[in-house]
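What follows is a short report on a single structure.
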Amino acid sequence: MLIVNLSRLGDFSAGDGISLKTIFIRGESNPNERRAPITPEDAGRLVERGCRVKVSSSRSRIFSDEDYANAGCIVEPGESWRSPAGDTLTVGIKIPALNVQPLFGEHLFFGHQYTRNRVLSEKPTATAMLNALRAGGGIHYDMEFLADESGAKITAFSTVAGYVGAAIGIARACLRVRDAGNGDDAPPYDIPTCTAALRERAAVEIAQTRPLDIGLIGPSGACGAGARELLSALGLTWTPIRHANLNADIGDEDLFAFDLLINCMAVDETTPKILSPSRCPRDARLSVIADIGCETNDNNPVLLRDGLSTLDAPFLARDRGDGRICDILSVDHLPALTPRESSEQVSKQLFPLLDNYISGSELDSPWQNARNIFHSSINKIK
């Protein structure tokens, strides 16, 4: 079924000088994923600039089909984005569900299937995604690589992820310190929720618990900034642990001495491995790790963690190496827990780039850089 509010649509005639570019906001396939890369408000701004905006119908998205229709968008059946017409940029949050179909046209989403240096071939989805794009002659602009001239990311959920992950980790650590968390797999939140509710839950737990000894790995980046904001709001003290100090000045025995570790560090091929069960001391206190980065490739630095958790069951129970359990938060889409705030943040970041994309002028350097990394990656697969 197609839904459209004709009162907001312009005449898309090229003779009137209006862009014929189309932006297609597709739906997401991951469970509990309610985020949208473009809010109805910003979609309406694109329509006003002469862009045709289409939206995959979705009942799970935090914004309704009617919200987009009222903004002047065309709402189409869920999978119609797979056959784009004309000059179309399909925009999503995460990698789409992969099937035997090629991926046509241009795509913008967080892929996490290749880095600047290599294809993450240890992920079956990496080769499958790139082959689907090759088969359809498609192009992928990874939001991960939309960066300004200084190299700073333009679009990221990192700050929200740091805030959300720290809040969940703190609430869980309080339960564990009070010996109230063993065997309790219930998430300390509703789905979906908001940052204020997560902060309040953490504050309630803190009020019932002795002061926590908290280590924050990677405090300087955007993810670390989100964690610092939450820690400051709760009046908590914490120890900064920087990437360069790991294994040099700070060893595993030091890390196991914290009640809670919040890992926000950026990871690459040079990142040291930490938290080996074989190096867990007898007097270890570490009961919770909030592994917010939770790399799923061979670069994963946290040796205690060997998989991912979900929003429905957010903690992995892992033996620290001494027969006692450490709970590890390992959800790779934490911002999906606060879909409205997260969507508003990334849509605001993305809008100037989309405005450039539909303008008909040369694409700015962030687009060119992301495209170059994609071409380099696709040429590395057989």
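The values are calculated or read from the model by the stated rules, or taken from the named source; none is laboratory data. All figures in this text were calculated on a predicted structure; none of them were measured in a lab. All Cβ positions, glycine included, derive from the backbone under ideal geometry; neighbour counts span all protein chains shown. Protein only, heavy atoms only, side chains kept; ligands, DNA and RNA dropped before computing areas. Shrake-Rupley method; radii C 1.70, N 1.55, O 1.52, S 1.80 Å.
Quick notes on this one:
- Note that region 134-273 shows a convex hull volume over its alpha carbon atoms of 177 Å³ per residue.
- Free-standing Cys, the chain [no other Cys Cβ under 4.7 Å]: C51, C73, C174, C194, C280, C294, C326
- Given their separation in residues at 0.36 nm each and the Cα-Cα distance between them, C194 and Q368 gain 59.2 nm when the chain is fully extended.
- Cα gyration tensor category, rounded, prolate or oblate, for region 228-285 with a/c compared to 1.5: oblate
- Difference of contour (0.36 nm per residue) and Cα-Cα distance, R118 to E253: 45.3 nm
- The structure-derived value of Rg and Dmax of the Cα atoms in Å appears in the list (1) 22.0, 76; (2) 25.2, 96; (3) 28.1, 99 under the label (1).
- Annotation for region 241-255 versus region 63-98: alpha-carbon center distance of 45 Å.
- Computed log₁₀ I(q)/I(0) - Debye formula, equal Cα scatterers, no solvent, region 65-138, q 0.13, 0.17, 0.20 Å⁻¹: -0.45, -0.72, -0.92
- Put a dot 7 Å past the Cα of L303, heading toward its Cβ, do the same for N356, and the two dots end up 4.3 nm apart.
- Fraction of antiparallel bridges per DSSP, region 286-363 only, in percent to nearest 5: 60 percent
- Most simply put, region 24-146 has about 10% antiparallel DSSP beta bridges, counting only bridges with both residues inside it.
- Classified by the C-alpha gyration tensor, region 28-104 has an oblate form. Its axis ratio a/c, with a ≥ b ≥ c, is 1.5 or above, and a/b does not exceed b/c.
- Accessible area per residue, Å², the chain with all protein chains present, probe 1.4 Å: 42 Å²
- The trypsin sites (Lys or Arg not before Pro) of region 130-180 meeting both criteria, a DSSP state outside H, G, I, E and B (loop) and at most 16 other C-beta atoms within 10 angstrom of the site's C-beta, are R178.
- Percent accessible area from carbon and sulfur atoms, the chain, protein chains only, probe 1.4 Å: 49 percent
- Between E229 and A313, the contour length at 0.36 nm per residue exceeds the alpha carbon distance by 27.7 nm.
- Loop-located GluC sites (Glu not before Pro) in region 266-343 (DSSP state other than H, G, I, E, B) with a sparse environment of at most 10 neighbouring Cβ atoms within 10 Å: E269.
- Chymotrypsin sites (Phe, Trp or Tyr not before Pro) within region 103-191, DSSP loop, no more than 10 other Cβ atoms inside 10 Å: none
- Spin-label zone in region 358-382 - amide nitrogen under 18 Å from a point set 7 Å from the Cα of E149 along the C-beta vector: 362-370
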